[in-house]
1. Straight-line reach from K4: which aspartates and glutamates fall under 16 Å, measuring Cα to Cα and dropping same-chain residues less than 8 apart?
2. Based on Cβ point charges of +1 for Lys and Arg and -1 for Asp and Glu, what charge dipole magnitude is obtained for the chain about its Cα centre, in debye rounded to the nearest 20?
3. Are there trypsin sites (Lys or Arg not before Pro) in segment 66-175 that DSSP puts in a loop and that have at most 10 other Cβ atoms within 10 Å, and which ones?
4. Using a Gaussian network for the chain with springs between C-alpha atoms less than 10 Å apart, which of these wobbles most: G29, G77, G124?
5. Could you list which residues have their amide H under 5 Å from that of A40, counting only those 5 or more apart in sequence or on another chain, with H placed in the peptide plane?
6. Say we join alpha carbon atoms closer than 10 Å with springs in a Gaussian network model of the chain; which of L69, L109, L26 then has the biggest fluctuation?
7. Got a sec? Which residues in segment 93-121 would a label at V30 touch, if it sits 7 Å along Cα→Cβ and we count backbone N under 16 Å?
8. List the residues, sorted by chain then number, that are 5 or more residues from K145 or on another chain and whose placed amide H is less than 5 Å from its amide H.
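Coordinate-derived values only; no laboratory data. Note that the structure is predicted; figures quoted are calculated from it, not measured. Cβ sites come from the backbone with ideal geometry, for glycine too, and all protein chains shown count toward neighbours.
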Amino acid sequence: MDAKLEALKELNQRLTPPRELGGVFLPVGVKEQFEIMFVAEMPSMNEPKNEEGKALNFNFGITAKDRLLINMMKKYGVAGSYVTDIVKERDIPRKPTKEEIRKWLPFLLEEVRIIQPRAIIVLGKRTYEASFRPYVEPAIPSEIKIDYVFHYSQQGAKTNLEVEQRFSEVVLKIKNSV
């Protein structure tokens, strides 16, 4: 496990924060686990600052919706899982282009290779259908189970209850199959 953590650290050091972000184990401070990996689409423009006003290399856990994700991770036993993005560059919230996805795919695949998860959960049905399934999933080893949950911050007509229900169903299904 220490080798995995060191390899992820080295990989993420290739990025140039605060513009480019690698993954993090969430919530911070919880023992890392490698069974399930969560994949979002791309970092938002949120750039949290430290006490000196410098931007931090952190993309999750800064809004109330991020805390909803973290609380669900704790509640359903997947706290400490690795959470990352397909595209590693901050931009205005939008669907990334296929060129952006292709540019960052080798980095994401290296994260998958290091972590060796038994399952990947994509954050967002649209992200799964538009970005992950056509461009990423074909490159993922077939033994890794893949599913999606509703995105915790871009719910549209979904309520927090519906988001949590889908999250619990997917996590339970994956945990029972790995």
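1. Partners found: E32, E35, E110, E111.
2. 360 debye
3. R94
4. Among G29, G77, G124, the largest mean-square fluctuation in the Gaussian network model of the chain belongs to G29.
5. Result for A40 returns T84, D85, I86, L123.
6. L109
7. Flagged as within label range: 121.
8. A119, I120
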